[in-house]
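Report on the structure given below.
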Amino acid sequence: MEEPLLLGGTSVGSRLLLGTGGMTTLERLEQALAASGTEVATVAVRRVDPTMSGSIMDVLERLEISVLPNTAGCMTAREAIVCAQLAREAFGTTWIKLEVIGDERTLLPDPGETLAAARALTAEGFDVFAYTSDDLVQALRLEEAGCAAVMPLGAPIGSGLGIRNPHQLALIAERLSVPVICDAGVGTASDACLAMELGCDGVLVASAVNRAINPVQMATAISLGVQAGHLAARAGRIATRLWAEASSAAIGRPDLTAI
């Protein structure tokens with residue numbers, strides 16, 4: 001990458017963030033994390049004991065990867081706030097990935113509870129990375145609440161459906177001044193590439209890697225997809241047209257020179 005990404009006051013070189021949930025073994029997780037080149041990984045506050053030997057935290061420490069605790073499983077703003085406070089004490093970080101789920105089947109975020117929690121946590125000095133729907137108005141409200149990053153979904157968590165509404169994601173990326181991280185729905189490298197081409201500043205992936213048949217290969221592929229999409233977005237694509245336009249001029253064609 002030609003320039004680093006600034007997340008919560010910290011500069012990171014990789015624009016790929018990885019989730020740690022769902023991997024079958026710590027060994028495979030470590031291999032996938034290393035292959036991805038990520039510098040930030042999420043951990044569920046409720047599932048990880050940072051004091052336990054031989055845990056995910058040992059893997060992240062060996063690889064020098066920053067931990068982004070998340071409030072996975074919380075259904076109300078109050079639950080998420082308490083979870084974030086516990087994470088700050090346990091992990092020694094002000095970073096928190098805010099997730100407040102509104103529906104257990106789709107795992108879609110609760111807009112009102114998410115916004116309430118974001119306002120409370122930013123007031124307490126947290127660097128809030130807010131998981132949200134692909135709703136531009138909600139994204140703008142979260143930015144106004146002081147979130148360090150806004151993380152709109154590409155599709156429901158763990159679905160692997162890819163970017164279901166590219167237009168909405170592009171609108172959010174264009175309008176917000178804080179980093180926009182595509183979170184949830186990525187199934188393969190091309191999905192991550194598209195998210196970056198649409199203007200996202202980064203991509204967070206969990207299931208696409210951790211549940212892949214070959215997690216290490218998929219981590220490598222998605223990392224390359226993120227890089228390719230970022231470079232393409234900065235390069236400036238050609239305008240789309242309804243009709244063909246030849247890339248070479250007609251001058252010099254044999255049938256024309258004979259006239």
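Annotations for the structure displayed:
- Filtering region 170-224 to residues that are closer than 16 Å to residue 13 by Cα, surrounded by fewer than 24 Cβ atoms within 10 Å (Cβ to Cβ) and not small (Gly, Ala, Ser) leaves 179, 201, 220, 224.
- Checked against the criterion of being in contact with a Leu (Cβ under 6 Å, 6 or more places away or on another chain) and either over 27 Å from residue 135 (Cβ atoms) or polar (S, T, N, Q) (or both), the candidates 190, 223 yield just one match: 223.
- Taken over region 84-114, the criterion of being crowded, with 24+ Cβ neighbours inside 10 Å and either hydrophobic (A, V, I, L, M, F, W, C) or more than 20 Å from the chain's Cα centre (by Cα) (or both) is satisfied by 84, 87, 95, 96, 98, 100.
- Hits in region 164-183 - residues which are under 11 Å from residue 134 (Cα atoms) and part of a loop (DSSP other than H, G, I, E, B): 164, 165
- Boolean, residue 161 is over 12 Å from the mean Cα position of the chain (by Cα) and part of a helix (DSSP H, G or I): no
- Cβ-Cβ contacts under 9 Å between residues 6 or more apart (or on different chains), taken from a first residue in region 65-92 that is at positive phi to a second residue that is in a loop (DSSP other than H, G, I, E, B), are listed as 73/45; 73/46; 73/47; 73/99; 92/50.
- For region 29-41, a residue qualifies if it is surrounded by 22 or more Cβ atoms within 10 Å (Cβ to Cβ) and closer than 16 Å to residue 55 by Cα, and the qualifying residues are 29, 32, 33, 41.
- Conditions (1) more than 14 Å from residue 17 (Cβ to Cβ); (2) crowded, with 23+ Cβ neighbours inside 10 Å; (3) in contact (Cβ under 8 Å) with a residue 60 or more places away in the chain; (4) not charged (D, E, K, R): number failed by residue 142: (3)
- For region 115-135, the candidate set comprises residues that are in a loop (DSSP other than H, G, I, E, B) and over 18 Å from the mean Cα position of the chain (by Cα); within that set, the residue that is farthest from residue 68 (Cα to Cα) is 124.
- Residue 132 vs. criteria under 22 Å from residue 182 (Cβ atoms) and free of Cβ contacts under 8 Å to residues at least 24 places away in the same chain: yes
- Taking region 156-199 as the range and being at positive phi and at pLDDT 95 or above as the test, only 199 passes.
- One residue from 141, 211, 175, 234 being under 30 Å from residue 25 (Cα atoms) and more than 16 Å from the chain's Cα centre (by Cα): 211
The values are calculated or read from the model by the stated rules, or taken from the named source; none is laboratory data. Just so it is clear, the structure is predicted and the values come from calculations on it, not from any experiment. With ideal geometry, Cβ positions are generated from the backbone for all residues, glycine too; neighbour counts draw on all protein chains shown.
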